[in-house]
1. Show the residues, 5+ positions off or on another chain, whose built amide H is closer than 5 Å to the amide H of V83.
2. Using 0.36 nm times the number of residues separating Q99 and T58, minus their current alpha carbon distance, what extension gain do you get?
3. ³J(HN,Hα) across region 118-133 via Karplus (A = 6.51, B = -1.76, C = 1.60, θ = phi - 60°), whole Hz, x for Gly/Pro?
4. Amide H to amide H, which residues 5 or more places from T135 or on other chains are under 5 Å from it, using H placed in the peptide plane?
5. Work out from phi, with θ = phi - 60° and the Karplus expression 6.51 cos²θ - 1.76 cosθ + 1.60, the ³J(HN,Hα) of each residue of region 88-100, listed in order in whole Hz, and give x for Gly and Pro.
6. Given H placed 1.01 Å from N in the peptide plane, which residues other than close sequence neighbours of E142 have an amide H under 5 Å from its amide H?
7. State, to one decimal in nm, how far the label point of S47 lies from the label point of H74, with both points 7 Å from Cα in the Cβ direction.
Amino acid sequence: MIGYINIEEQVDADFSRARRRALVRRAGNYIRNAPEELPAFEDIRKSLGAFNQVPLGTHTVEVEKIVGTVGRGHDFDACFLPVRSSVANRWERVDRAFQQGEDLPPVSLFKIGEVYFVDDGNHRVSVARYQGAETIDAEVVEFRAPGSRTASLPVVPSTCSGWLVRIGGRLKSALSVRSD
């Protein structure tokens, strides 16, 4: 994060940067013939036959385990970066609250196997992922598939982890080795 004079400049810059990253990812995905959109929950649920649902309550969920959405797949790419300018106002409002340390309500997630899909809170997940947050609070409802039919679940593309997150992990491991 670059320190700007005021929060409005910061959130504008964050959204512009997130949109540019989505555009660069889209170009790279086109070249690699990789999927660009978030996996749709309904498609996965139906293919696995996961119809039984169990409310699990509020949990802290790793952001990297959130792989898809219930209904906003066209607004965000496979890494939850915003692809449409129409989401700017809401995304910037969430980013502003994040920057100011405000408490945000838990997102609503559906769980199948070990992965999660956003029912409510796509903008909050997008900002959390952009800002490098490792976890997010969520109301979770688990959908259970019969047997072990979770082998075909989507995963977060390896290109979603930002350079800052990758470097941060390397720095943490390097610092822990040095302190021993």
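Any read-out appearing in this document is the output of simple, stated calculations on the displayed coordinates, not a laboratory observation. Since this is a predicted model, take the numbers as computed values, not measurements. For neighbour counting, all protein chains shown are included, and Cβ atoms are generated from backbone atoms with ideal geometry for every residue, glycine included.
1. Answer set, sorted by chain and number: F76, D77.
2. This chain segment gains 12.4 nm when fully extended.
3. 7, 8, 9, x, 4, 5, 5, 5, 4, 5, 4, 5, 4, 7, x, 5
4. HN-HN under 5 Å from T135: V63.
5. 4, 4, 5, 4, 5, 5, 5, 4, 4, 4, 4, 4, 8
6. V54, L56, K111
7. 2.1 nm
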